[in-house]
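Participant: Supplied in structure tokens, the structure appears directly below.
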Amino acid sequence: MKKTTAAVLVAVLAVVLTGTGLATMDMQKDLNAKYPTAKAKCASCHVKAMAKKGDAEVNAFGKDMMAKALVDPKAEKKTFDFTKIEALDSDGDGQSNLDELKAGTNPGAK
Ligand SMILES: [Ca+2]
């Protein structure tokens, strides 16, 4: 019984961790596909550059992305309408998110 429980737990964890990692990389790829000059990386949306599960706090741009650009919160694969947050200045540095994405600067940190 214990072995079965452990095996199920490992299988569930593998699916959850793999899914989470792929989703994050997909978001980054989607952002770079729409804005090739953005050079989006983990720190574009997260407070820490190499965010780990459970310590993946998002910055101001990441918060705006999740709150205002997420197309369907219930969808397994998250997709975003980035145009909805282009005009915002998430990090409050005077440059719009679009201008920062075009310039390759970080829209989530001053
Ligand atoms: Ca800005």
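The numbers here are math on the coordinates, done by the rules we state, and not lab data. Quick caveat, the model's predicted, so the values are computed rather than measured. Note that each Cβ is placed from the backbone with ideal geometry, even for glycine, and that neighbours are counted across all protein chains shown.
Participant: Could you pull out every one of the aspartates and glutamates with an alpha carbon less than 20 Å from that of LYS68, ignoring same-chain neighbours closer than 8 positions?
Facilitator: List returned: ASP26, ASP30, GLU57, GLU76, ASP81, GLU86, ASP89, ASP91, ASP93, ASP99, GLU100.
Participant: Among the listed pairs LYS52/LYS102; LYS2/LYS78; LYS77/LYS110; LYS29/LYS84; LYS3/LYS53; LYS53/LYS102, which are separated by more than 24 Å between their Cα atoms?
Facilitator: Values: LYS52/LYS102 27 Å; LYS2/LYS78 35 Å; LYS77/LYS110 29 Å; LYS29/LYS84 18 Å; LYS3/LYS53 26 Å; LYS53/LYS102 29 Å.
Those over the limit are LYS52/LYS102; LYS2/LYS78; LYS77/LYS110; LYS3/LYS53; LYS53/LYS102.
Participant: With a point put 7 Å past each Cα toward its Cβ, work out how far ASP93 is from ALA56 in nm, to one decimal.
Facilitator: Output for this residue pair reads 2.4 nm.
Participant: Shifting gears a bit: Put +1 on the Cβ of every Lys and Arg and -1 on every Asp and Glu Cβ in segment 22-103; which of ALA67, CYS42, LEU101 then has its Cα farthest towards the positive end of the dipole?
Facilitator: Looking along the dipole axis, the top candidate is CYS42.
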